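All remarks here apply to the structure that follows.
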Amino acid sequence: MSEHTAVIDRWLTLTQHDLIDNVRPVVRNSPTSPLWATVGAHPVLAARVRGILSILQAQMAEHRDSAMWKVWIAQARRAMLSGATTISPAKQPEQAQPRPAPAPSVSPRRPPTARPVFARPVFLAAGQSPTR
């Protein structure tokens, strides 16, 4: 775990281009590494790495191995999310009591109102007469 914290400390000091160069081999070689869980637990670095993963996905869109890159990036993202939840677990929601079904309300129905019937307008040209 100390090697992961050393990597995190090093990644926090890198520029974006250098971070891309450091994240790319980790994504390709070990997308399910425990390192991703540690990265996911650090909120600032997790945000930066999520951006880097999006950049990598865009860069590799035209690559011949783009399908594999998508899989590796998805695995890394999933590992980051699971790391964020396992290291800092959220409170469990309380068990909710099932609510009884509401009593059906009987509302008086209005009888359907008849629609008013309108005569269709007839457009006549000059010199024509209605033929009804």
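The values are calculated or read from the model by the stated rules, or taken from the named source; none is laboratory data. As the structure is a prediction and not an experimental result, all values here were calculated from the model. Virtual Cβ from ideal backbone geometry, glycine too; neighbours counted across all protein chains shown.
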Condition check for S30: over 20 Å from S82 (Cβ atoms) and either out of contact with any Leu (no Cβ under 6 Å at 6 or more places or on another chain) or surrounded by 13 or more Cβ atoms within 10 Å (Cβ to Cβ) (or both): no
Odd one out for V39 among (1) free of Cβ contacts under 8 Å to residues at least 40 places away in the same chain; (2) more than 19 Å from the chain's Cα centre (by Cα): (1)
Failed item in (1) part of a helix (DSSP H, G or I); (2) more than 25 Å from A6 (Cβ to Cβ); (3) at pLDDT below 80, with P108 passing the rest: (1)
Options G83, G51: the member that is under 30 Å from D21 (Cα atoms), in a helix (DSSP H, G or I), under 19 Å from the mean Cα position of the chain (by Cα) and modelled with pLDDT under 75: G83
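For every residue, the table says whether it meets (1) surrounded by 10 or more Cβ atoms within 10 Å (Cβ to Cβ); (2) at pLDDT below 80; (3) among the aromatic types (F, W, Y).
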| residue | (1), (2), (3) |
| --- | --- |
| R10 | yes, no, no |
| I20 | yes, no, no |
| T38 | yes, no, no |
| A58 | no, no, no |
| W72 | yes, no, yes |
| Q92 | no, yes, no |
| A96 | no, yes, no |
| P100 | no, yes, no |
